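One structure below.
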Amino acid sequence: MKDWDARRIARASAAGLVRPPRTAGGPTRAVVDSRAVRSGDLFVGIRGERDDGGRFAGAALEAAAWGVLVTPDHVRDLPGDGAVLATRDPIAALGRLARGWREQLDCKVIGVTGSTGKTSTKEILAALLASHRTTLASRANFNTEIGLPLNVLEAEPGVEAMVLELAMRGAGQIAELADIARPDVGVVVNVGPVHLELLGSMDAIAAAKAELIVGLEPGGTAVVPAGDGLLARHLRDDVRTITFGEGGDVRLTGHEEGTVAIDAFGERLELEVPFAQAYHRANLVAAVGAALAIGVEPSGRVDVRFSPLRGERVELPDGTVILNDCYNANPMSMRAALDELASAEGPRRVAVLGDMLELGPDERDYHVEVGRQASERGVDVLVTVGPLAAAMEEAFDGQAYAVADAAEAAALLPEVLEPGDVVLRGRARGGRRGAARPRGGLSTWARC
């Protein structure tokens, strides 16, 4: 946005220009945390649950911010010589500004959503594109009405592709994000029983995810799982559809250690990959479909680094191997993680699994089913964490323990585990997103 002056920033965001900056040009990026402000930033003061970010407009200007975008009650007597813009709804203004900047950029935009695996798919896709296009991908889980615009506004002129993750917790949210991102390609990785408590049915979840397809312009491309009946009714005649997975246009045909073979519209692609998990291979196939949609044929090595807590493999000093897959928990991610545990070699397989939330009236049945799946996949020891997870024990036929929270799990695990065990760590009730990686030992690991 450096080449946009204050008046253009105001027009694009539909904000009032209370005070122009003394210097020419526009901001380098937008931020919503005043502590992260650098020289040249546009600080957007957003009202949160605990505080109103507009209160920190003065501090942002004193930190050499290019300017601030805040509600009218925070524009008086601000220090410095940066721009001051006023709007009644800073989040909406941020989205409008991002939409305007996206429209100026001459690039392809790929939106990625799904019930599980969307972040990993985004990261794989960005790696596939990196050697062919100048690519910007969403940072971490910047996938909301705040995070997505911040990512878009980081794009420099000359970017050729943006890979943006779109998250939702209710109907209409993906539509809102798609209106900002204006994607050329929409990838729906999967549809599963996530947020059932809020949306009520699988059909409603599919409709919410399909808002990404609805948001495509005529001539765009939808990339969807082959044979998904829930999404079929949302496909459009004026949008190209690429299917992936078994029976799809893009499908996995074989894999060996470090190598994956894919059939893409009858053409064989062979890629070198730094992962062995089956769910990452499935996400890779979806990502290949999206890359092909913008004219990129992936080849060679896929240099991808996944976000923390998603399938990390960590070996402790006593030989215990941790499969650290605790970013979140839902029936689909649990099943995929148990499949990965089943494929691991070790004297015993141990699963530490926490509550799955927002599953609605059938939440207990979903937890019992996970216990059944654990038995079917040869899990030797199951530790459930939380009141909902305790139901898993009903259908599990191995050694089982139920604890109330992560602290109790931390106390129990050193007594239960043996050197060399392979341990799946699902998200434990009481755990924290973004927690530290396991280091010193089992107690430290269980608390994180």
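The values are calculated or read from the model by the stated rules, or taken from the named source; none is laboratory data. Given the structure is predicted, the values throughout are model-derived calculations rather than measurements. Please note: Cβ atoms are built from the backbone with ideal geometry, for glycine as well, and neighbour counts cover all protein chains shown.
Return the residue satisfying two criteria in turn: it lies in the stretch 213-263 and is more than 23 Å from MET202 (Cα to Cα) and polar (S, T, N, Q), and of such residues it is surrounded by the most Cβ atoms within 10 Å (Cβ to Cβ). Even if it seems obvious, please write down each step before you answer.
Of the residues in the stretch 213-263, the ones more than 23 Å from MET202 (Cα to Cα) are 217-221, 237-240, 249-263.
If we keep only those that are polar (S, T, N, Q) too, we end up with 221, 253, 259.
Numbers: THR221: 21, THR253: 12, THR259: 12.
If we take residues in the stretch 213-263 being more than 23 Å from MET202 (Cα to Cα) and polar (S, T, N, Q), then THR221 is surrounded by the most Cβ atoms within 10 Å (Cβ to Cβ).
Give me a count of the residues in the stretch 276-306 that are buried (at least 16 other Cβ atoms within 10 Å of the Cβ) and either touching a strand residue (DSSP E or B) at 6+ places or on another chain (Cβ under 8 Å) or closer than 22 Å to VAL185 by Cβ (or both).
21
The rows are residues; the columns are (1) out of contact with any Asp or Glu (no Cβ under 7 Å at 6 or more places or on another chain); (2) at negative phi; (3) outside any loop (DSSP other than H, G, I, E, B); (4) touching a residue at least 40 places away in the same chain (Cβ under 8 Å).
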| residue | (1), (2), (3), (4) |
| --- | --- |
| LEU338 | yes, yes, yes, yes |
| ALA374 | yes, yes, yes, no |
| VAL379 | yes, yes, no, yes |
| THR384 | no, yes, yes, no |
| ASP397 | yes, yes, no, no |
| ALA402 | no, yes, yes, no |
| ALA410 | yes, yes, yes, no |
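Of these, LEU269, LEU216, LEU198, which one is assigned by TED's automatic domain parsing to the domain that holds ALA171, touching a Ser or Thr at 6+ places or on another chain (Cβ under 8 Å) and among the aliphatic types (A, V, I, L, M)?
After ruling out the rest, the residue left standing is LEU269.
Checking the conditions here, which among GLU369, GLU415 is acidic (Asp, Glu) and at pLDDT 95 or above?
Only one candidate passes the filter, namely GLU369.
Determine whether the stretch 103-115 contains at least one residue that is within 19 Å of ALA171 (Cα to Cα), surrounded by fewer than 20 Cβ atoms within 10 Å (Cβ to Cβ) and at pLDDT 95 or above.
Looking through the stretch 103-115, none of the residues is within 19 Å of ALA171 (Cα to Cα), surrounded by fewer than 20 Cβ atoms within 10 Å (Cβ to Cβ) and at pLDDT 95 or above.
Can we say ALA15 is touching a Pro at 6+ places or on another chain (Cβ under 6 Å), buried (at least 19 other Cβ atoms within 10 Å of the Cβ), outside the structural domain of SER333 (by TED's automatic domain parsing) and not acidic (Asp, Glu)?
No: the conditions fail for ALA15.
Kindly list the number of the only condition in (1) part of a loop (DSSP other than H, G, I, E, B); (2) over 21 Å from ARG102 (Cα atoms); (3) not aliphatic (A, V, I, L, M) that fails for GLY54.
Failed condition: (1).
State yes or no: is ARG240 within 20 Å of SER138 (Cβ to Cβ), charged (D, E, K, R) and either in contact (Cβ under 8 Å) with a residue 40 or more places away in the chain or not assigned by TED's automatic domain parsing to the domain that holds ASP203 (or both)? Spell out how you get there, then give the answer.
Numbers: within 20 Å of SER138 (Cβ to Cβ): no; charged (D, E, K, R): yes; either in contact (Cβ under 8 Å) with a residue 40 or more places away in the chain or not assigned by TED's automatic domain parsing to the domain that holds ASP203 (or both): yes.
Spelling it out, it is not the case that ARG240 is within 20 Å of SER138 (Cβ to Cβ), charged (D, E, K, R) and either in contact (Cβ under 8 Å) with a residue 40 or more places away in the chain or not assigned by TED's automatic domain parsing to the domain that holds ASP203 (or both).
When you go through ALA64, ALA86 one by one, which is the residue that is surrounded by fewer than 22 Cβ atoms within 10 Å (Cβ to Cβ) and in contact with a Ser or Thr (Cβ under 6 Å, 6 or more places away or on another chain)?
Within the list ALA64, ALA86, the selection yields ALA64.
Here are ARG349, ARG364, ARG335: which of them is buried (at least 20 other Cβ atoms within 10 Å of the Cβ) and not assigned by TED's automatic domain parsing to the domain that holds GLY170?
Within the list ARG349, ARG364, ARG335, the selection yields ARG349.
What are the pairs, 6+ residues apart or on separate chains, where a residue within the stretch 37-50 that is within 13 Å of ALA83 (Cα to Cα) has its Cβ under 6 Å from a residue that is loosely packed, with under 15 Cβ neighbours inside 10 Å and of a type in the set (Gly, Ala, Ser)?
SER39/ALA64
Taking the condition in a strand (DSSP E or B), in contact with a helix residue (DSSP H, G or I) (Cβ under 8 Å, 6 or more places away or on another chain) and hydrophobic (A, V, I, L, M, F, W, C), does ILE9 pass?
no
So for the stretch 6-26 (the condition being at pLDDT below 95 and under 18 Å from ARG99 (Cβ atoms)), does at least one residue qualify?
Checked against the condition, which is being at pLDDT below 95 and under 18 Å from ARG99 (Cβ atoms), the stretch 6-26 yields at least one hit.
Scanning the stretch 411-421 for residues that are surrounded by 19 or more Cβ atoms within 10 Å (Cβ to Cβ) and among the hydrophobic types (A, V, I, L, M, F, W, C), which turns out nearest to ALA342 (Cα to Cα)?
LEU417
For residues that are outside any strand (DSSP E or B) and either closer than 12 Å to ILE124 by Cα or of a type in the set (D, E, K, R) (or both), scanning just the stretch 250-278, find the one that is modelled with the lowest pLDDT.
In this case the residue turns out to be GLU257.
For VAL37, are the conditions met, namely being of a type outside the set (Gly, Ala, Ser), buried (at least 20 other Cβ atoms within 10 Å of the Cβ) and within 15 Å of ILE146 (Cα to Cα)?
For VAL37, the condition - of a type outside the set (Gly, Ala, Ser), buried (at least 20 other Cβ atoms within 10 Å of the Cβ) and within 15 Å of ILE146 (Cα to Cα) - is not met.
Of the residues ALA140, ALA127, ALA155, which single one is in the same structural domain as VAL194 (by TED's automatic domain parsing), in contact (Cβ under 8 Å) with a residue 60 or more places away in the chain, of a type in the set (A, V, I, L, M, F, W, C) and part of a loop (DSSP other than H, G, I, E, B)?
ALA140
Does VAL321 fit the bill of being of a type in the set (A, V, I, L, M, F, W, C) and touching a helix residue (DSSP H, G or I) at 6+ places or on another chain (Cβ under 8 Å)?
Criteria not met by VAL321.
Which residue out of ILE91, ILE174 is assigned to a helix (DSSP H, G or I) and either farther than 25 Å from ARG7 by Cβ or modelled with pLDDT under 95 (or both)?
Details: ILE91 fails: either farther than 25 Å from ARG7 by Cβ or modelled with pLDDT under 95 (or both).
So the residue among ILE91, ILE174 that is assigned to a helix (DSSP H, G or I) and either farther than 25 Å from ARG7 by Cβ or modelled with pLDDT under 95 (or both) is ILE174.
Looking only at the stretch 279-312, filter to residues that are outside any strand (DSSP E or B) and of a type in the set (D, E, K, R); which one of those is modelled with the lowest pLDDT?
That would be ARG310.
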